[in-house]
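Everything on this sheet refers to the single structure shown next.
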Amino acid sequence: MAEEAAVRVQAEAVRRLKQDQADPDEIAKEVAKLLEMKAQLGGDEGKHKFVLKTPKGTRDYGPKQMAIRERVFNTIISCFKRHGAEVIDTPVFELKETLTGKYGEDSKLIYDLKDQGGELLSLRYDLTVPFARYLAMNKITNIKRYHIAKVYRRDNPAMTRGRYREFYQCDFDIAGQFDPMIPDAECLKIVHEILSDLQLGDFLIKVNDRRILDGMFAVCGVPDSKFRTICSSVDKLDKMPWEEVRSEMVGEKGLSPEAADRIGEYVQLHGGLDLIERLLQDPRLSQNKLAKEGLGDMKLLFEYLALFGITGKISFDLSLARGLDYYTGVIFEAVLLQQENDHVEEPVSVGSVAGGGRYDGLVGMFDPKGRKVPCVGVSIGIERIFSILEQRVEASEEKIRTTETQVLVASAQKKLLEERLKLIAELWDAGIKAEVLYKKNPKLLNQLQYCEDTGIPLVAIVGEQELKDGVVKLRVVATREEVNVRRESLVEEIRMRTSRP
């Protein structure tokens with residue numbers, strides 16, 4: 001109690017100094033003393049002070065962000081459905097052994113959960129491994145599916161670039177034994193459609209094949225045991241110059257400088273059908289069975305992509321490696337080429353916005369009899385796309401509607417709450433999205449202002465005269481035009497005026 005009394009005395013001293021218009025430095029000193037005493041005294045004893053923040057690498061989404069996100073999801077889902085996909089869902093956590101050993105060097109990013117009830121569990125790292133487990137467990141050999149859900153990675157988050165520890169993935173996969181490259185071409189067409197529909201700016205889809213990479217490593221003199229680790233170094237070429245990647249291969253991973261230099265000749269190549277033709281004639285690569293197979297399929301893939309009319313946005317790129325262990329054939333990654341944004345000095349760099357490939361061996365890892373189900377799939381990087389669109393909306397100051405309300409039921413006179421509630425119930429029952437202000441006698445001006453603020457396009461006004469005449473006054477908020485509509489025709493009139501063109 002003595003300490004609290006001292007604080008009160010100190011506070012009184014500060015008040016007097018201010019009253020006497022004392023020297024500002026003197027006041028500042030006394031205020032600092034007072035704050036120090038308060039800090040020592042602490043808050044209410046026994047009360048725990050909560051830190052109000054979301055965990056590292058996560059974020060909240062307010063109504064405005066969710067409205068943008070919903071728009072993106074709708075674009076993606078309608079594309080998946082257009083291509084005939086069914087939807088599935090799987091648990092957010094899996095048995096730890098299901099996920100172990102499927103992600104190469106990235107396995108260290110898996111979130112393990114404490115033992116609960118005798119099972120060792122981990123949060124899912126992606127949607128592909130759970131999908132393979134689902135296929136094996138249910139003995140499914142043929143499915144085209146999409147799955148949109150949250151995944152978890154114990155990564156170092158870079159939130160401004162859309163890198164989180166908890167984030168959504170939007171996956172589309174085709175499982176089954178089909179003729180080569182037809183499903184693979186469709187996956188690339190899907191990426192092209194989605195990125196075009198979202199209008200994110202110029203993009204490029206890089207394509208390679210795990211077999212071409214492995215064949216290239218073999219002819220360049222990389223020992224079998226180093227294939228995967230060298231692959232993950234090559235995968236960094238989009239973020240690091242060749243010299244740094246080379247020194248990592250030689251210095252950290254023990255590759256011979258000669259092998260690294262030979263790899264360097266290949267991984268800096270990119271192009272289209274002409275490059276594929278050239279590599280098919282390459283004296284070293286053409287001698288390697290794996291590389292030859294991969295190049296043959298790549299040629300076929302480009303022929304199909306030409307039929308789809310999308311080769312202008314596709315680049316065969318020998319530096320693309322995609323570090324995940326489970327890829328067996330074609331791999332691809334979509335990147336945005338630049339971010340046009342006049343309001344930001346630095347262009348927004350968001351890395352890849354979609355990626356995927358063929359993984360023919362993954363289901364067999366789970367199947368007790370080792371039965372293989374060939375699969376190819378694509379994952380859309382929704383968080384990165386969302387980051388771009390959110391920044392674009394901020395910069396343009398575009399007004400985002402956070403509700404879909406079509407009409408506000410209002411009244412111009414007092415004592416009409418009952419009539420407003422009767423009318424809004426009729427509208428709700430007819431499937432109209434409607435709101436009413438929660439006041440008995442709201443001012444008409446306040447009701448109209450609410451529509452302006454929230455973007456509600458119509459106001460249905462009930463008044464004594466309208467009730468007598470069996471009509472409702474329908475007001476268009478944007479133009480202030482008013483029409484009387486027969487009560488029985490109101491639902492149809494609202495539908496007609498708010499249906500999207």
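The values are calculated or read from the model by the stated rules, or taken from the named source; none is laboratory data. Predicted, not measured: the structure shown is a model, and the values here were computed from it. Cβ coordinates were reconstructed from backbone atoms using ideal geometry, including for glycine residues, and neighbour counts include every protein chain displayed. Accessible surface is based on the protein model in full, side chains and every heavy atom, while ligands, DNA and RNA are left aside. Shrake-Rupley method; radii C 1.70, N 1.55, O 1.52, S 1.80 Å.
Brief remarks follow.
- Per-residue ellipticity at 222 nm from helix content only, as computed over the chain with -39500 (n - 2.57) for each DSSP H run of at least four residues, stands at -13000 deg cm²/dmol.
- Cα→Cβ-extended label distance, 7 Å offset, between His270 and Glu482, nm: 6.2
- Folded to 0 to 90 degrees: helix 382-396 orientation relative to the chain principal axis, Cα: 50
- Size descriptors for segment 235-293 (Cα atoms only): Rg and Dmax, in that order, 13.2, 35 Å.
- Computed on the chain, with alpha-carbon pairs under 8 angstrom and 6+ residues apart, the relative contact order is 14 percent.
- List Thr328, Thr75, ordered by accessible area with a 1.4 Å probe, largest first: Thr328, Thr75
- Cα gyration tensor, segment 405-501 - rounded (a/c under 1.5), prolate or oblate: rounded
- Centroid-to-centroid separation of segment 156-190 and segment 349-401 [C-alpha atoms, Å]: 4
- Phe178 versus Arg59: modelled label distance in nm, points set 7 Å from Cα along the beta carbon direction: 3.5
- The long axis of helix 24-41 is offset from the longest Cα principal axis of the chain by roughly 70 degrees.
- Taking 0.36 nm per residue of separation and subtracting the Cα-Cα distance, full extension of the segment from Asn142 to Thr90 would add 17.0 nm.
- C-alpha long axis of helix 417-429 to longest principal axis of the chain, angle in °: 20
- Distance between modelled label sites at Leu445 and Ala28, nm, 7 Å Cα→Cβ extension: 4.6
- Checking every one of the trypsin sites (Lys or Arg not before Pro) in segment 121-162 against DSSP loop status and a limit of 11 other Cβ atoms within 10 Å picks out Lys139.
- For segment 407-498, share of DSSP beta bridges that run antiparallel, in % to the nearest 5: 55
- Using R0 = 56 Å, the C-beta based FRET efficiency linking Ile400 and Lys372 works out to 0.75.
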